Amino acid sequence: MDVAANLPALQVVVPLVAAPLTVLLRGRRLAFAVVLLAAWTAFAIAIALWLRVDASGTISYHIGSWAPPWGIEYRVDRLSSYVLVLVSGIAAVVLPYSWPSIARELPPERHYLFYTMFALCLAGLLGMVITGDAFNIFVFLEISSLSTYVLIALGRDRRALLAAYQYLIMGTIGATFIVIGVGLLYLQTGTLNLVDMGQRLHGIAGHRPVLAALAFLTVGLSLKLALFPLHQWLPNAYAYAPSAVSSFLAATATKVAVYALLRFYYSVFGANTVFQRLPMEELMLVLALAGMFVASTVACFQADLKRLFAYSSVAQIGYIVLGLSFDSLAGLTATIVHLANHALTKGGIFLLLGGVAVSMGGVSLARVQGMARVMPLTSFGIVICGLSLIGVPGTVGFISKWYLIVAAIEKGQWWLVFLIVISSMISVVYVGRFVEAAYFQAPREGVRGRREAPLAMLLPSGLLVFATVCFGLATSTTLGAASLAAAELLGGMR
Amino acid sequence: MSVASHFAYAVTVFLMIAGLFIVIARGNLIKKLVGLGIFQTSVYLLYIAPGKLIGGTAPIVTESYGVYSNPLPHVLILTAIVVGVATLALGLALVVRIREAYDSIEEDDILAADRRAADAER
């Protein structure tokens, strides 16, 4: 058997098989070992696929050797390999962290279930990215969503249950909208293969059912990617989930939904249908700006750091969608590069906050007063990631903002440059609130004896913080991959 | 183009709107799930109804039949039904645990309890 030829299938199958194995094995150590191995294997496969796509172009894998469009096709192009590396890479970093982290948050007999759900969620997310079949996207979306609801409900606070329930309702409505959209497209074209669908839609792009499908898919995916004002589920879900889960979700779940949106827009409908027949540019611009300003402002008034950074995530989604709304190479590059940049930054912050929760007993601003004196490394890490959220040069956040501004200037929209800078100023305020509490306020009583989080939690967090700076200085990897992916998307269907 | 020929679509749209309305308008967590179930079910009809051709048979190639119904929508919806069942099961399990934690399944009561707890913390 040729393993190398079957890598696209293994990318999904490895974590998918790991999930039931953990249930059979039960023991928390065994479960952890199996899922860790699966996640690292998935990461290795993703890198191998990335290198192969970079060398020899798009990979089309036929499941069961049934040729598309009849059989299901797994399709790896530049964009999907980029997102695959991102998702599996974050999973590979978060998993080692989760071992010490959930030991403090969950009763030991439930640990193996955490790893089961984590493996399922990873399999679902990877499947959504790699598949070239419209209905498959829905099925993988539901695999990842259902496991996400369970992961959130594992949170210690009882509010985690309500957050999971609300996300279940919103998420299912979103997923159902996506099925309706896919169904309408299937009725029009008689195919589910994305590439085939795109070709068949060419002549009938203006038909009303096609535009209705576009609307359903946009709303459904916007719910999943938490575009303002469909973000209501996100702050509570991130705030009350276990730390490792918050970090993994913040870094991957919304990004994969953005990927699916890009896939439908550029590979199926074509940019012409989306941006010229409908006022999508204006719509996305307004929603993105509203998200950037409203969510950032709301973040400034949060007393709980996890909620604060959850609202900041909604604002950052605004930047991602803003890049999409330009419908230009620079704008799309900004969107794609910010997928990775925000994932690294926010993943790092939530991992560090998990350590804060362990050492300081909570993540409210009152709890972290004077934290810098007892946890200098963690505080410094959060500050660096905070600088990246603001967009300070030397961090990854700067690269994204830079490309957004370039895209805005290309379009001649100077007022937008102004707005991007102003919204970054608002993020200075909410990051500043953390800095003030941690560095400039006197420690509360009993804080003196506290120490840094255990090394097993610090190391993975540190790795993401390091990546935030590293990819901010040596930009060629992420930026190069993003601009190539953007060029490929734009070149696909015009 | 008569109402009768669009009967299936009319039913689909009615179920869709009714389900979505229940999810939004009701505060009872179980009723919300019922609405969600109706909403999802409407989509099954959206897929299956167009797959049926009057006089069509299963797609088996013989000389005696020339008109076939498309079996693919049924298969897709079989998958969607499984997803729907899983969602409903998980939703109900969450409601059971919410009831244990809050002693209520009315959204208003639960949110009020959360507010009281948040005020007490301060």
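The values are calculated or read from the model by the stated rules, or taken from the named source; none is laboratory data. Everything numeric here is computed off the predicted structure, so don't read it as measured data. Ideal geometry is used to build each Cβ from the backbone, glycine not excepted, and the neighbour counts take in all protein chains shown.
One line per residue, one yes/no per condition, for (1) charged (D, E, K, R); (2) at pLDDT 85 or above; (3) assigned by TED's automatic domain parsing to the domain that holds A:VAL465:
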position	(1), (2), (3)
A:HIS338	no, yes, yes
A:HIS342	no, yes, yes
A:LYS346	yes, yes, yes
A:LEU352	no, yes, yes
A:VAL368	no, no, yes
A:ILE382	no, yes, yes
A:LEU387	no, yes, yes
A:SER400	no, yes, yes
Next item on the list: Go through segment B:27-46 and give me each residue that's more than 13 Å from the chain's Cα centre (by Cα) and under 20 Å from B:GLY84 (Cα atoms).
Entry: B:ASN28, B:LEU29, B:ILE30
Next item on the list: Identify, by number, the condition in (1) under 15 Å from the mean Cα position of the chain (by Cα); (2) facing another protein chain (nearest Cβ under 10 Å); (3) of a type in the set (Phe, Trp, Tyr) that B:PHE21 doesn't meet.
Entry: (2)
Notebook entry, point to check: Does segment A:19-36 hold any residues that are hydrophobic (A, V, I, L, M, F, W, C), surrounded by fewer than 15 Cβ atoms within 10 Å (Cβ to Cβ) and touching a residue at least 12 places away in the same chain (Cβ under 8 Å), and which are they?
Noted result: A:VAL23
Note to self: Restricting to segment B:74-113, give me the number of residues that are touching a strand residue (DSSP E or B) at 6+ places or on another chain (Cβ under 7 Å) and assigned to a helix (DSSP H, G or I).
What the structure shows: 0
Notebook entry, point to check: Given the conditions (1) farther than 23 Å from B:LEU29 by Cα; (2) buried (at least 22 other Cβ atoms within 10 Å of the Cβ); (3) modelled with pLDDT of 90 or more, which single one is not true for A:SER145?
Noted result: (1)
Check: How do the pairs read when you match residues in segment B:78-97 that are more than 21 Å from A:LEU151 (Cβ to Cβ) with residues anywhere that are at pLDDT 90 or above and among the hydroxyl-bearing types (Ser, Thr, Tyr), using Cβ under 7 Å and keeping only pairs 6 or more apart or on different chains?
Finding: B:ALA80/B:TYR44; B:ILE81/B:TYR44
Check: Conditions: (1) surrounded by fewer than 19 Cβ atoms within 10 Å (Cβ to Cβ); (2) away from every other protein chain (no Cβ under 11 Å); (3) free of Cβ contacts under 8 Å to residues at least 60 places away in the same chain. B:LEU15 meets all but one. Number of the miss?
Finding: (1)
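Quick check on this structure: which one of B:ALA118, B:ALA80, B:ALA101, B:ALA113 is facing chain A (nearest Cβ under 10 Å), touching a Lys or Arg at 6+ places or on another chain (Cβ under 6 Å) and either over 22 Å from A:VAL139 (Cβ atoms) or buried (at least 17 other Cβ atoms within 10 Å of the Cβ) (or both)? I'd like the intermediate steps shown before the answer.
Numbers: B:ALA118 fails: touching a Lys or Arg at 6+ places or on another chain (Cβ under 6 Å); B:ALA80 fails: touching a Lys or Arg at 6+ places or on another chain (Cβ under 6 Å); B:ALA113 fails: touching a Lys or Arg at 6+ places or on another chain (Cβ under 6 Å).
After ruling out the rest, the residue left standing is B:ALA101.
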Check: Quick one: is A:SER313 touching a strand residue (DSSP E or B) at 6+ places or on another chain (Cβ under 7 Å), in contact (Cβ under 8 Å) with a residue 24 or more places away in the chain and polar (S, T, N, Q)?
Finding: no
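Taking A:LEU227 as the residue in question, decide whether it is away from every other protein chain (no Cβ under 12 Å), assigned to a loop (DSSP other than H, G, I, E, B) and crowded, with 23+ Cβ neighbours inside 10 Å. Steps first, answer last, please.
Working: away from every other protein chain (no Cβ under 12 Å): yes; assigned to a loop (DSSP other than H, G, I, E, B): yes; crowded, with 23+ Cβ neighbours inside 10 Å: yes.
Criteria met by A:LEU227.
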Notebook entry, point to check: Just for segment A:368-403: of the residues that are hydrophobic (A, V, I, L, M, F, W, C) and in a loop (DSSP other than H, G, I, E, B), which one is surrounded by the fewest Cβ atoms within 10 Å (Cβ to Cβ)?
Noted result: A:VAL392
Check: Within the set of pairs 6 or more residues apart or between chains, which connect a residue that is in contact (Cβ under 8 Å) with a residue 60 or more places away in the chain inside segment A:459-488 to a residue that is surrounded by fewer than 19 Cβ atoms within 10 Å (Cβ to Cβ) and not in a helix (DSSP H, G or I) with Cβ atoms less than 7 Å apart?
Finding: A:VAL469/A:GLY394; A:GLY472/A:GLY394; A:LEU473/A:GLY394
Checklist line | Cross-chain or 6+ apart pairs with Cβ under 8 Å, segment A:46-59 first and farther than 12 Å from A:SER80 by Cα, then surrounded by fewer than 18 Cβ atoms within 10 Å (Cβ to Cβ) | finding: A:ALA48/A:ALA4
